[in-house]
Amino acid sequence: MKKILLIATVLLNTFTYSQNKDYIFGYISPEEVKMQKYPLDTTANAVVLYEQGDTKFKVGDTRILVETVYYCKLKIFNKEGFKHATFKIPTYYNDDTSEKVKDIKAVTTNGYAKTTLSKSQIFTEKTNERWKEVKFTLPNIKEGSIVEVQYTVESPFLFNLNGWEFQSEIPKVRSVYNASIPGVYIYNRKLTGYVSLTENYTSEKRNCFRVPRYTDAYANCEEVTYAAEDIPAFIEEDYMTDPDNFRSKIKFELRETRWFDGSKKRYSKTWEDVDKEFKKDKDIGTQLKKTSFFEDKIPTEITSLPNNLEKAKQIYYFIQKHFSWNKKYRLFNDIRVKSAFEEKTGNISEINISLINSLKAAGFDTELVMLSTRANGFTTKKYPVITDFNYVIAKLNIGDNIYLLDATDKQLPFNMLPYRCLNGDGRVMDFENSSYWIDIKPSKNNRNSLTVALELKEDGIIVGKIRKYYSGYRALERRGEISSKTEDDLIAEFENGFDNLEVINYEISNKENKEKGLIEMFEIEIDFTEDTNIMLSPFFDEKFSQNPFQQKNRLYPVDFGYNRNYSVNFSIELPENYTLDSNPKNCSFSLVENGGKFQVVSRKLNDYRYTLKSNFTLNKPLYYNFEYSGLKEIFNQVIKNQKSMLIIKKKL
């Protein structure tokens with residue numbers, strides 16, 4: 001299904017309204033010239049001093065157009081900020097018409113000397129089959145330069161107003177968006193992000209829009225203003241989904257037109273409308289009716305299995321093994337399950353719809369689920385926005401149990417979705433009844449477990465065994481890491497992390513059995529014969545090297561995707577000629593409301609034995625901004641403790 005683009009075609013004259021300008025192009029204040037850093041963010045390489053957008057509707061020669069005048073004035077503090085003097089303006093086009101960028105003017109001011117952008121410095125590049133980019137870089141950029149840019153974007157596509165982004169990778173002093181929207185166009189609007197608006201008001205302007213030669217009637221206009229001040233830079237951090245989920249912006253989507261003659265047309269559909277369309281759609285609905293094609297494709301030794309759950313598992317693994325994912329998604333086009341099966345390669349939809357058809361052919365109740373991946377952003381639940389979705393999976397129902405399946409990743413066990421799918425709710429497309437939302441819940445058993453049993457010999461050689469156990473998503477990640485490596489590669493990789501350590505023997509268990517935890521066993525020997533003092537980390541290589549959370553505060557949630565557990569169980573036996581001099585201290589730190597815990601129990605049991613038990617648990621996949629300081633501190637505690645060494649001295 002493709003995004004609908006509204007193009008109202010008329011052969012009429014231009015109609016405009018007066019633009020509300022709060023700036024004067026070319027005016028630079030003495031304070032702006034003298035500014036050497038931005039007081040609210042002294043680390044910023046540049047700052048937007050003022051930014052404004054003004055959107056209006058006008059009647060062109062052949063159609064109604066949306067025109068937005070954009071203005072920006074920014075200050076560049078250092079060489080790292082030079083990149084912000086390059087502007088890229090995306091424009092959409094189709095076979096019939098296109099967006100246009102016009103009236104570009106840009107000036108660089110150094111002190112009070114001005115350098116103007118010339119037309120020869122403006123370039124247009126094609127980025128793909130539907131988008132072009134107008135690109136230019138301001139001339140004579142230096143540390144301390146002030147840049148002013150103004151241009152107009154003229155668009156015939158009324159379905160989505162461009163909206164406005166208040167937040168970018170550099171801070172802004174003030175950002176203002178004005179729009180005058182004729183009453184014949186009714187838009188849904190969505191404000192996202194964590195920046196509070198300083199202005200948010202709407203008024204009505206009467207009799208402001210008319211289409212000459214078509215009607216003598218006038219439409220009233222909705223005059224809107226959104227503004228924000230002292231806007232912090234948007235900084236991406238670890239463990240977040242699509243940054244566009246959190247960047248402060250206003251977005252519009254056409255819901256309905258109410259034309260002068262009284263006619264109405266809805267563009268924002270209900271889920272009932274979507275369900276009906278999907279049943280008939282050749283790329284989704286029709287492809288879900290290919291069950292007869294798959295009836296003889298599944299081996300009889302699988303379809304004849306008496307246990308339903310085991311049968312479903314084997315069908316899943318058969319499809320998973322049969323296909324290779326071509327790394328394409330293709331939710332709404334180019335879905336052909338028959339040819340994909342024969343070629344043994346396909347996109348996300350082709351593979352998972354083939355899985356649905358195969359399960360249905362075996363008599364299972366199976367449904368298609370649409371979702372949006374972590375990199376694609378959140379879906380809108382209030383009303384259907386089909387372009388929010390970019391992925392499909394299978395929902396299998398056996399009795400009262402539900403299994404969510406994705407056959408595109410060969411490392412995935414039955415009833416586990418890839419990490420990219422852990423992004424909130426999915427929409428189950430039940431074509432017999434009606435579609436509904438389902439919570440995409442991750443596996444809860446995601447463990448890294450390290451068990452170490454060592455013995456120090458009298459000659460200074462340490463011998464022993466190390467066992468690493470991975471389950472859930474931790475096992476999935478590790479299987480992905482080792483899938484293309486030999487045992488020699490894995491041994492060398494482990495040995496390279498230590499001095500004087502040699503792996504005597506290595507074994508790996510359940511490498512192919514994806515439904516069981518992955519186990520790696522290392523039999524090791526460490527040579528300390530030349531050392532009077534032995535320094536050893538009980539955590540070996542299972543340590544956090546740095547805190548992933550560096551900001552003082554964080555506006556948006558920390559999204560791990562799934563809960564996590566890291567445990568260490570360490571022991572060492574000492575001979576009579578060695579003594580334990582220093583060891584890591586006991587530690588306990590907990591997050592509020594059972595959000596997580598880090599604990600170390602360090603014990604010297606007698607003169608000859610030492611043990612350490614450590615457990616670090618993050619009990620939730622998602623932590624909100626008010627929980628950030630605690631989360632940051634628990635990682636600080638973990639890193640600090642894991643740096644502590646076990647020190648063993650040789651008796652003289």
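The values are calculated or read from the model by the stated rules, or taken from the named source; none is laboratory data. Just so you know, these numbers come straight off a predicted model, no measurement behind them. Positions of Cβ are generated from backbone atoms using ideal geometry, with glycine treated the same way; all protein chains shown enter the neighbour counts.
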Inset, instruction - Identify, by number, the condition in (1) part of a helix (DSSP H, G or I); (2) touching a residue at least 60 places away in the same chain (Cβ under 8 Å); (3) farther than 30 Å from Gly193 by Cβ; (4) of a type in the set (Asp, Glu) that Asp283 doesn't meet. - result: (1)
Inset, instruction - Scan segment 170-211 residue by residue and report those that are in a loop (DSSP other than H, G, I, E, B) and either closer than 29 Å to Thr270 by Cβ or of a type in the set (Phe, Trp, Tyr) (or both). - result: Gly183, Val184, Gly193, Tyr194
Inset, instruction - Considering (1) in contact (Cβ under 8 Å) with a residue 24 or more places away in the chain; (2) assigned to a helix (DSSP H, G or I), say which one Lys276 fails and leave the rest. - result: (1)
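Here's the yes/no breakdown for (1) within 40 Å of the chain's Cα centre (by Cα); (2) exposed (fewer than 15 other Cβ atoms within 10 Å of the Cβ):
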{"site": "Asn513", "(1), (2)": "yes, yes"}
{"site": "Met535", "(1), (2)": "no, yes"}
{"site": "Glu542", "(1), (2)": "yes, no"}
{"site": "Tyr562", "(1), (2)": "yes, no"}
{"site": "Val568", "(1), (2)": "yes, no"}
{"site": "Phe589", "(1), (2)": "yes, no"}
Inset, instruction - Pick out the one residue from Ile298, Ile235 that is farther than 17 Å from Leu355 by Cβ and assigned to a loop (DSSP other than H, G, I, E, B). - result: Ile235
Legend entry - From Arg255, Arg266, residue being free of Cβ contacts under 8 Å to residues at least 12 places away in the same chain and farther than 25 Å from Gly399 by Cβ: Arg266
Inset, instruction - Mind listing just one residue for me: the one in segment 486-501 that is surrounded by 12 or more Cβ atoms within 10 Å (Cβ to Cβ) and in a loop (DSSP other than H, G, I, E, B) and, of those, farthest from the chain's Cα centre (by Cα)? - result: Asn500
Legend entry - Matching residues in segment 62-80 - criterion: being closer than 24 Å to Tyr23 by Cβ and assigned to a strand (DSSP E or B): Leu65, Val66, Glu67, Thr68, Val69, Tyr70, Tyr71, Cys72, Lys73, Leu74, Lys75, Ile76
Inset, instruction - Evaluate segment 273-294: report whether one residue or more is loosely packed, with under 12 Cβ neighbours inside 10 Å and modelled with pLDDT under 90. - result: yes
Inset, instruction - Hey, could you check segment 201-248 for residues that are polar (S, T, N, Q) and in contact (Cβ under 8 Å) with a residue 24 or more places away in the chain and say which is nearest to Trp259 (Cα to Cα)? - result: Thr215
Inset, instruction - Report yes if Arg474 is of a type outside the set (S, T, N, Q), over 23 Å from Pro557 (Cβ atoms) and over 18 Å from the mean Cα position of the chain (by Cα), otherwise no. - result: no
Legend entry - Unique match (being at pLDDT 95 or above, at negative phi and polar (S, T, N, Q)) among Thr379, Thr387, Thr408: Thr408
Inset, instruction - For segment 304-330, enumerate the residues that are free of Cβ contacts under 8 Å to residues at least 12 places away in the same chain and touching a Lys or Arg at 6+ places or on another chain (Cβ under 7 Å). - result: Leu305
Legend entry - segment 333-352 - residue that is among the hydrophobic types (A, V, I, L, M, F, W, C) and within 12 Å of Gln320 (Cα to Cα) and, of those, surrounded by the most Cβ atoms within 10 Å (Cβ to Cβ): Ile351
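Condition check ((1) outside the structural domain of Phe159 (by TED's automatic domain parsing); (2) in a loop (DSSP other than H, G, I, E, B); (3) at pLDDT below 90; (4) over 30 Å from Phe159 (Cα atoms)) across all residues:
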| site | (1), (2), (3), (4) |
| --- | --- |
| Phe82 | no, no, no, yes |
| Ile89 | no, no, no, no |
| Asp103 | no, no, no, no |
| Lys135 | no, no, no, no |
| Pro139 | no, yes, no, yes |
Legend entry - Residues of segment 206-223 satisfying the condition of being of a type in the set (A, V, I, L, M, F, W, C) and surrounded by fewer than 20 Cβ atoms within 10 Å (Cβ to Cβ): Ala217
Inset, instruction - Examine segment 548-563 for a residue that is under 30 Å from Gly460 (Cβ atoms) and of a type outside the set (Asp, Glu), and state whether such a residue exists. - result: no
Inset, instruction - For segment 157-166, indicate whether the set of residues that are modelled with pLDDT of 90 or more and under 29 Å from Pro621 (Cα atoms) is non-empty. - result: yes
Legend entry - Among the residues listed as Ser567, Ser545, Ser537, the single one being farther than 24 Å from Pro442 by Cα and in contact with a Lys or Arg (Cβ under 8 Å, 6 or more places away or on another chain): Ser537
Inset, instruction - Return yes or no: is Ala217 among the small types (Gly, Ala, Ser), in the same structural domain as Ala106 (by TED's automatic domain parsing) and within 29 Å of the chain's Cα centre (by Cα)? - result: no
Legend entry - Residue ranges of strands (runs of 3 or more DSSP E) in segment 539-652 with at least 1 members under 16 Å from Tyr239 (Cβ atoms), assigned by TED's automatic domain parsing to the domain that holds Leu454 and at pLDDT 95 or above: 564-573, 596-606, 609-618
Inset, instruction - Select from segment 15-29 the residues that are at pLDDT 90 or above and touching a Ser or Thr at 6+ places or on another chain (Cβ under 9 Å) and write down the one among them that is surrounded by the most Cβ atoms within 10 Å (Cβ to Cβ). - result: Ile28
Inset, instruction - Taking the options Ile504, Ile524, name whichever one is exposed (fewer than 14 other Cβ atoms within 10 Å of the Cβ), farther than 21 Å from Leu622 by Cβ, among the hydrophobic types (A, V, I, L, M, F, W, C) and in contact (Cβ under 8 Å) with a residue 12 or more places away in the chain. - result: Ile504
Inset, instruction - Could you tell me which of the residues Lys251, Lys205 is under 21 Å from the mean Cα position of the chain (by Cα), farther than 30 Å from Asn563 by Cβ and not acidic (Asp, Glu)? - result: Lys251
Inset, instruction - State whether one or more residues within segment 314-331 are crowded, with 20+ Cβ neighbours inside 10 Å and either under 20 Å from Val274 (Cα atoms) or at pLDDT below 95 (or both). - result: yes
Legend entry - Yes/no for Glu129 being under 20 Å from Glu169 (Cβ atoms), of a type in the set (D, E, K, R) and assigned by TED's automatic domain parsing to the domain that holds Asn162: no
